[in-house]
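A quick write-up on the structure given underneath.
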Amino acid sequence: MTTPLSKNPKDFAIATIGSHTALQILKGARDEGFRTIAIITPEVRRVYESFKVADELIEIPSFSDYFSIEDQLIEKNAIVIPHGSFVSYVGVENVASKMKAMYYGSKGILRWESDRGMEREWLKKAGVNVPKIFSNPDEIDRPVIVKFHGAKGGFGYFIANTPTEFKERIKEFPPESEYAIQEYVVGVPMYVHYFFSKLTGELEIMSFDKRYESNADSIGRIAAKDQIEAGLRTSYTITGNIPIVVRESMLPMFFTIGESVVELSKGLEGVPKGLFGPFCLEGIIDPNLNFRVFEISARIVAGTNPYIEGSPYTALRYTEPMSTGRRLSREIKQAIEQGRLAELLG
Amino acid sequence: MTTPLSKNPKDFAIATIGSHTALQILKGARDEGFRTIAIITPEVRRVYESFKVADELIEIPSFSDYFSIEDQLIEKNAIVIPHGSFVSYVGVENVASKMKAMYYGSKGILRWESDRGMEREWLKKAGVNVPKIFSNPDEIDRPVIVKFHGAKGGFGYFIANTPTEFKERIKEFPPESEYAIQEYVVGVPMYVHYFFSKLTGELEIMSFDKRYESNADSIGRIAAKDQIEAGLRTSYTITGNIPIVVRESMLPMFFTIGESVVELSKGLEGVPKGLFGPFCLEGIIDPNLNFRVFEISARIVAGTNPYIEGSPYTALRYTEPMSTGRRLSREIKQAIEQGRLAELLG
Amino acid sequence: MTTPLSKNPKDFAIATIGSHTALQILKGARDEGFRTIAIITPEVRRVYESFKVADELIEIPSFSDYFSIEDQLIEKNAIVIPHGSFVSYVGVENVASKMKAMYYGSKGILRWESDRGMEREWLKKAGVNVPKIFSNPDEIDRPVIVKFHGAKGGFGYFIANTPTEFKERIKEFPPESEYAIQEYVVGVPMYVHYFFSKLTGELEIMSFDKRYESNADSIGRIAAKDQIEAGLRTSYTITGNIPIVVRESMLPMFFTIGESVVELSKGLEGVPKGLFGPFCLEGIIDPNLNFRVFEISARIVAGTNPYIEGSPYTALRYTEPMSTGRRLSREIKQAIEQGRLAELLG
């Protein structure tokens, strides 16, 4: 990786692939004065032309062909912003071992967030309240959800309250099925969008959302009687996001948890710079206001998309409309101006 | 209809009746420099005085008395913007045959959107994925909803999965009942707000919403056990709208479907100018991310009301807060300035 | 209470305790030119430092220690803004009898809103449609919810449709249990945020929200079959708020009800100035569009927090982003400039 010496943000471009949060990222970058590049496929061209956020469109047949155009990005002095689709198309290992373009964020953190076991270890060390996993069905002492690996369509799970119920229900599945027994947490989904500034060392809360999942977020529109008649089960395909604000008295807890997760990331193997930039804790608020965390996303999440013009929270702190996409470009701009860009590149 | 020759938007007024999306339409018109007229009844006066979006209030005893004041509108050089309540109070046939004031949009399209059969024909020709209708109960091969005509209060339907179930359940209803058998699509409701510019020939995606329906959007707050005890069934009265954003990877599909619907409208009988201006596709996103479309509204929809200051999508493309109401006034303004207003009048 | 003579808003500070709607109130006050004071505890300091809305932080060990720092507020010429947490921590009786600092609003109204019986009397006198209470189980003629006093965790209720069902279900509870029988209203929750200006005598509609309650707003994500297996019941812990807009044709009714509630407040015992400033009617819209009101909050509510940058409704009337928090500071500012501050102090 070359370390560019220019202290002028105009000498750099911000690039990402056209999906997930690309509209927000590119608009934010342009608002901060960067040139912007959308890496697109023929199928998505229409979108990035219509919304006019990219100064340049670089087309590839499929997003997995990213490496075929990486040289162009390097030539254009582009900083690549990873998002969920980017990581998914390019691959965690390819990002870590093959990417040569400037990359915003800690590459090593992707291994920790994409491995269920490593993620759980990180969160537990940070004191985060994760749902209990039962390794032995005889230990079931509360409602659990039993999930079958690779099951599709929402039929691959059942609920049990006791070891006896478990043994009764498991008979309906093929004997060789692999499954996990997880505490069944009942409460409202909550996604907390953070930004940790590597330059200032300060954690910011950017916004909150809940996902809009098919059919989970509509099955309840069907009367219980009709659900049972139609044999309906829940599935969890993400289709969008809904803006929410949280009870103000929960904010201290969200700061504490977020700061602990950042602090603990500094000792993670293969992550010398720790976690920085945007990240998200994804969990459930139970009726006693405990935040039970299922997952961390160590990069920008699509739940920030309702806030392209800023959130109620960023309106408190910033005078301009500050999306998470814009916040990260501002960080990069300030790093360039201070000659500290290398600190933000993974 | 007179074709006004003035190229000055200030010589025109924008008028609509005080309901549905009138606040948004009138604010948008004023922001674009038009004089604004709210046609009101005594009952709604308070609203349009309080929100201060109308330069003039014209009062009639009931909205169905529209024609009693139409001469005033013509005299004031007013362009009438139709919305759902306007069409409902004035009547599809009256709009087409009796209205003499300048009218924004294709009058003929209202016949296509208000007739279930014609609407379905249009959508199917455009390649839109509409739910299957079963004419013979013996063909039932998936969950269906059987709806009885004219039924009120949400009790006039049942769910069936097979021909046998159908025959069992239908016995509970009077033998002479008329009904329709429709595929039962399970997934999240999604309303896509489009704007097709007649001047530029370009389709824009403005925003998305989900409706807030009573009791559909609250019955799920009641535990299944209690629903069954209380004998609850779903009803679908619209009470408001909730803002949402969609998964960015679905945008190409929404552009494709919207453009196809516009393209196909050009050949519809009695619609020489085709569909233009704001419209909405209303459907369900199923767990496989298919967009199953139930209905089209060929005019501005109330789902755009959360976005009076613009949506996350219009913030990408426009530098001012761009509601759908403002977008259509901008179109009219540009048409006036270009001497092309007649192209936008139905 | 001293009546300050200054007509310069800069001679005053706006203060509140750091919880509930403090971020919004303090930002609004600053936007109107006031000095701002957050009264905090060590636990919440992080939040009010991060969001940068307070010019000064006054720390106390616990919010119930408010009176230990009240002299400081008086010395700083601070006007205290009450919110839900303020009232809860300081206490209705302490506010009325012990508070010496300048207090925005009618102190006496808190007694009416915090007593179920008095609140119901006020609302009924104002012609508000409140749910029916049954004093005799034999009168049950519709679905009712039977709630047990002091029950926790959402298990302390049952649903009944007839006197017979009631007598069957009540057997499951200890014979000495105290309970209330309330009409079971099914429909969508709706929270209407008003502002009544004492200076102009005009009622404004500011915004609407629905709460985000655990687990009420997620239990419907669980298929009916699974809910029953897991023995789930509904609970109602507030975790946040979701922005909504309402069907425009309902606005006249919301104005009428709000004005009636304000008018009736003028005769309430111990409330010489009546209700003024922000308040909220909390209820259900049933499938026939009736607004059934459960409760009134006679001060700013947390449901206004999504609108720190204004709502779709305030965007119609104001040229600046107008939150409810800012609206009340504007009212105070205008009162100071007009020498009428005493009218706004309770």
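The values are calculated or read from the model by the stated rules, or taken from the named source; none is laboratory data. As the structure is a computational prediction, the values presented were derived from the model and not from experiment. Methodologically, a virtual Cβ is constructed for each residue, glycine included, from the backbone with ideal geometry; neighbour enumeration extends over all protein chains shown. Just the protein is used for accessible areas: all its heavy atoms, side chains included, with ligands, DNA and RNA removed. Shrake-Rupley method; radii C 1.70, N 1.55, O 1.52, S 1.80 Å.
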Over all residues in A:48-57, what is the mean tally of Cβ atoms on other chains that come within 10 Å of each residue's Cβ?
3
So what's the projected area for region A:159-268, the Cα convex hull averaged over all directions, in nm²?
11.5 nm²
Among A:Leu232, A:Phe254, A:Pro321 - extreme Cα towards positive end, dipole of chain A, charges at beta-carbon
A:Pro321
If all Cα-Cα distances of region A:197-346 are sorted into 5 Å bins from 0 onward, what percent lands in each bin, rounded to whole numbers?
2, 8, 14, 18, 18, 15, 10, 6, 4, 3, 2, 1, 0
Give the nm distances, rounded to one decimal, from C:Pro61 to the matching residue in every other copy, measuring between label points 7 Å along Cα toward the beta carbon; shortest first.
7.3, 7.3
Beyond a 30 Å Cα-Cα separation, which of these cross-linked pairs lie in this structure: C:Lys132/C:Lys171; A:Lys107/A:Lys333; A:Lys167/A:Lys210?
A:Lys167/A:Lys210
DSSP loop (so not H, G, I, E, B), at most 12 other Cβ within 10 Å: list which GluC sites (Glu not before Pro) in region C:250-279 pass both filters.
C:Glu269
With both partners inside chain C, how many of the DSSP beta bridges are antiparallel, as a percent to the nearest 5?
75 percent
Per principal axis, largest first, the Cα atoms of region C:132-206 extend in Å by 56, 27, 21
Any lysines whose Cα falls less than 19 Å from that of A:Lys125, other than same-chain ones fewer than 8 residues away, would be A:Lys266, A:Lys273
For region B:308-346, residues shielded by at least 10 square angstrom of accessible area compared with the chain on its own, probe 1.4 Å
B:Ile308, B:Glu309, B:Pro312, B:Tyr313, B:Ala315, B:Leu316, B:Arg317
Charge dipole of chain A about the Cα centre (unit charges at C-beta), most positive-ward option of A:Asn77, A:Trp112, A:Thr21:
A:Asn77
DSSP-loop chymotrypsin sites (Phe, Trp or Tyr not before Pro) across region C:166-217, with at most 12 other Cβ within 10 angstrom
none
Along Cα→Cβ, 7 Å out, is where each label goes; now give me the distance between the ones at B:Met118 and A:Glu337 in nm to one decimal.
6.0 nm
Axis carrying B onto A: which residue of B has the nearest Cβ, and how far, whole Å?
B:Gly220, 1
Could you compute how much accessible surface A:Tyr318 exposes when probed at 1.4 Å, giving the result in Å² to the nearest 10?
40 Å²
Counting all Cα-Cα pairs in region A:78-211, those more than 27 Å apart amount in percent to 40 percent
Shielding score for B:208-216, defined as the mean number of other chain Cβ atoms within 10 Å
6
Put the label 7 Å from Cα along Cα→Cβ for B:Glu139; what are its distances to the other copies, in nanometres, shortest first?
5.5, 5.5
How about region B:13-103: which trypsin sites (Lys or Arg not before Pro) there lie in a loop by DSSP and see at most 14 other Cβ atoms within 10 Å?
B:Lys52, B:Lys98, B:Lys100
The simple spin-label model distance between A:Ser68 and C:Asp141, using points 7 Å out along Cα→Cβ, in nm, is 7.5 nm
For region B:190-254: span of alpha carbons on each principal axis (Å, largest first)
57, 24, 15
On the protein heavy atoms, probe 1.4 angstrom, tell me the percent of accessible surface of chain C carried by carbon and sulfur.
49 percent
State, to one decimal in nm and shortest first, how far the label point of A:Asp115 sits from each corresponding label point in the other identical copies (label point: 7 angstrom along Cα-to-Cβ).
6.5, 6.5
Straight-line reach from B:Lys76: which lysines have Cα under 16 Å away, leaving out those fewer than 8 places along the same chain?
B:Lys7, B:Lys10, B:Lys100
accessible surface per residue for region C:1-148, probe 1.4 Å, DNA/RNA/ligands not counted, whole Å² -> 42 Å²
Averaging over every viewing direction, what projected area does the convex hull of the Cα atoms of region C:1-75 cover, in nm²?
5.2 nm²
Top positive-direction residue, dipole computed over chain B with Cβ charges, set B:Ser50, B:Gly339, B:Tyr194:
B:Gly339
With a bin width of 5 angstrom, please list the P(r) values of region B:1-148 as percents of all Cα-Cα pairs, from the 0 bin to the one holding the largest distance.
2, 8, 16, 17, 15, 11, 8, 8, 6, 4, 3, 1, 0
Dipole moment magnitude, nearest 20 debye, region B:63-200 about Cα centre, only Lys, Arg, Asp, Glu C-beta charged
360 debye
Could you tell me the total accessible area buried at the B-A interface, probe 1.4 Å, in square angstrom to the nearest hundred?
3900 Å²
Counting Lys and Arg as +1 and Asp and Glu as -1, each charge on the Cβ, what is the dipole of the protein assembly as shown about the Cα centre in debye, to the nearest 20?
1340 debye
Quote the Stokes-Einstein diffusion coefficient, in whole µm² s⁻¹, for the protein assembly as shown, based on the Kirkwood radius over alpha carbon pairs, a temperature of 4 °C and a viscosity of 1.567 mPa s.
42 µm²/s
Using alpha carbons only, what's the Rg to Rh ratio of region B:307-346 with Rh from Kirkwood?
1.08
Please report the accessible area of A:Leu26 (heavy atoms, 1.4 Å probe, ligands and nucleic acids excluded) in Å², nearest 10.
0 Å²
Taking Rh as the Kirkwood radius computed over C-alpha pairs, what is the Stokes-Einstein D of chain C at 25 °C in a medium of viscosity 0.890 mPa s, expressed in µm² per second?
113 µm²/s
